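Student: Got a structure here, written out as structure tokens. Questions coming.
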Ligand SMILES: NC(=O)c1ccc[n+]([C@@H]2O[C@H](COP(=O)([O-])OP(=O)(O)OC[C@H]3O[C@@H](n4cnc5c(N)ncnc54)[C@H](OP(=O)(O)O)[C@@H]3O)[C@@H](O)[C@H]2O)c1
């Protein structure tokens with residue numbers, strides 16, 4: 001797979017990564033044996049960037065990823081996160097904690113669960129409104145100095161926060177939601193990243209699966225699935241949002257791709273600094289999604305996709 005660079009860290013990764021969250025968290029119970037097969041197949045197909053977090057499970061996703069990557073350590077770039085603490089596992093609620101002492105302790109926990117000596121990319125899952133971002137970033141930077149972490153990144157930050165953080169340390173990446181139905185990063189945040197050599201890692205690039213056309217009614221979503229409570233997946237909004245999926249499907253049909261590949265190709269077309277991390281726990285979706293790495297959308301298709309209307313419904317019911 002073609003490579004892209006994780007910003008100032010210089011670490012090269014396959015341009016499509018694998019988000020491992022859904023193997024253990026939010027979207028129904030995964031089968032660990034199958035998930036491990038997905039991770040191994042991803043490596044065979046050129047994926048090198050694997051994303052997890054201590055909050056996923058909590059903790060079990062890091063353990064799963066650590067187990068799967070045993071024996072492959074030198075072939076992969078392992079990315080994890082700290083700073084979101086699960087407060088209610090059943091309802092998937094979180095508190096934020098980005099205090100320096102917490103970050104240091106969280107890193108030790110992640111190293112242990114992942115079974116590694118060093119984390120390639122350690123990301124702050126969310127800024128903590130109770131802690132100046134400068135203090136959180138300084139703690140992450142100390143982990144680099146101590147050799148526990150190779151590079152650091154942030155997640156879901158606005159430009160003023162990025163500016164403040166960057167003055168403390170030239171972090172390598174920003175992870176944030178970016179897809180055909182979440183384009184908020186395009187006017188300011190992504191240009192800021194490009195100007196500062198910060199790689200942008202789009203999360204939920206398939207719109208949490210919606211853009212693939214797989215979810216056509218709210219009733220098809222299990223009530224324990226996180227999406228059952230997300231505004232865009234509520235029946236009225238979902239019906240409106242299907243209009244967007246139909247247009248993605250039309251582009252897919254005329255370009256000989258699948259809707260998932262079109263959604264990912266659009267994200268990849270946002271620039272060399274962009275490396276999406278689509279999530280799946282199924283081999284067939286993995287193989288389909290990685291097919292996007294060689295899909296180039298025509299100028300007409302890109303223009304058609306750029307002109308899609310914004311979706312009905314906000315991203316979250318309660319933002320983590
Ligand atoms: N930083 C943050 O705050 C944050 C937030 C959310 C996610 N993330 C990261 O981003 C990664 C990806 O995001 P995500 O998992 O939320 O959303 P996503 O990648 O947009 O979508 C994942 C969902 O789409 C389904 N899917 C994947 N490929 C498909 C295909 N080809 N056809 C039909 N359905 C398909 C998956 O199904 P199956 O589960 O059945 O395979 C899963 O339900 C996560 O794994 C996580 O690492 C980070």
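Student: Would you mind pulling out the separation of the Cα centroids of the stretch 67-136 and the stretch 241-276, in Å?
Tutor: 31 Å
Student: What fraction of the DSSP beta bridges in the chain is antiparallel, stated in percent and rounded to the nearest 5?
Tutor: Bridges in the chain that DSSP calls antiparallel: roughly 25 percent.
Student: Another one. Give me the angle, in degrees from 0 to 90, between the Cα long axis of helix 235-255 and the longest principal axis of the Cα atoms of the chain, rounded to the nearest 10.
Tutor: On a 0 to 90 degree scale, this one is about 80.
Student: If packing is taken as the average number of other Cβ atoms within 10 Å across a peptide's residues, how do 239-248, 73-82 rank, most packed first?
Tutor: Packing proxy ranking, top to bottom: 73-82, 239-248.
Student: Which whole-number percent gives the relative contact order of the chain, counting Cα pairs below 8 Å spaced six or more residues apart?
Tutor: About 20 percent, as a whole number.
Student: Could you give the radius of gyration (one decimal) and Dmax (whole number) of the Cα atoms in the stretch 1-91, in Å?
Tutor: According to the Cα coordinates of the stretch 1-91, Rg and Dmax are 13.5, 40 Å.
Student: Fewest to most neighbouring Cβ within 10 Å: what's the order for 206, 264?
Tutor: 206, 264
Student: So, one more: In a solvent-free Debye calculation with one equal scatterer on each Cα, what is log10 I(q)/I(0) for the stretch 55-211 at q = 0.10, 0.12, 0.14, 0.17 Å⁻¹, listed in the order of the q values?
Tutor: -0.36, -0.52, -0.72, -1.07
Student: Step by step: find N for the stretch 194-263, compute 2.2 N^0.38 Å, then divide the Cα radius of gyration by it. What's the final number?
Tutor: Working it through for the stretch 194-263, the quotient is 1.29.
Student: Using only Cα atoms, figure out Rg for the stretch 155-242 and give it as a multiple of 2.2 N^0.38 Å.
Tutor: 1.33
Student: Under the 0.36 nm per residue contour assumption, what length would be gained going from the current alpha-carbon distance of residue 142 and residue 272 to full extension?
Tutor: Here the answer is 43.9 nm.
Student: Turning to a different aspect of this structure: Sort 193, 20 by Cβ crowding within 10 Å, fewest neighbours at the top.
Tutor: Result, fewest neighbours first: 193, 20.
Student: In 10 Å bins starting at zero, report the fraction of Cα pairs in the stretch 225-264 per bin as a rounded %.
Tutor: Percent of Cα pairs in each bin: 30, 37, 30, 3.
Student: Mind sorting 40, 91 by how few other Cβ atoms lie within 10 Å of their own Cβ, fewest first?
Tutor: 91, 40
Student: Spin-label point model (7 Å from Cα, Cβ direction): what's the residue 44 to residue 302 distance in nm?
Tutor: Each label point is offset 7 Å from its Cα along the Cβ direction, giving 3.4 nm.
Student: Next question. On C-alpha positions alone, give me the angle between the axis of helix 259-268 and the longest principal axis of the chain, in degrees, nearest 10.
Tutor: Tilt of helix 259-268: around 50 degrees.
Student: Find the Rg to Rh ratio for the stretch 227-320, where Rh is the Kirkwood radius over alpha-carbon pairs and Rg uses the same atoms.
Tutor: Rg/Rh for the stretch 227-320 comes to 0.98.
Student: Right, another one. Restricting to DSSP H runs of at least four residues, report the calculated mean residue ellipticity at 222 nm for the chain, -39500 (n - 2.57) per run over all residues, nearest 500 deg cm²/dmol.
Tutor: -11000 deg cm²/dmol
Student: Please determine, in degrees from 0 to 90 and to the nearest 10, the orientation of helix 32-44 with respect to the longest principal axis defined by the Cα atoms of the chain, where the helix direction is its Cα long axis.
Tutor: 90 degrees
Student: I need the semi-axes of the equivalent ellipsoid of the stretch 145-190: take the C-alpha gyration tensor, multiply each eigenvalue by 5, square-root it, list largest first in whole angstrom.
Tutor: Semi-axis lengths for the stretch 145-190 are 24, 13, 6 Å.
Student: Once the piece of chain linking residue 197 and residue 239 is laid out straight, how much longer is it, given 0.36 nm per residue of separation minus the C-alpha distance between them?
Tutor: 11.2 nm
Student: Something else: On the first, second and third principal axes, largest extent first, how far apart are the outermost C-alpha atoms of the chain in Å?
Tutor: Each principal axis gives a Cα extent; for the chain these are 52, 40, 40 Å.
Values quoted throughout were computed directly from the atomic coordinates according to the rules given, and no laboratory measurement underlies them. If you're wondering where the values come from, they're calculated on a predicted model, not measured in any experiment. Methodologically, a virtual Cβ is constructed for each residue, glycine included, from the backbone with ideal geometry; neighbour enumeration extends over all protein chains shown.
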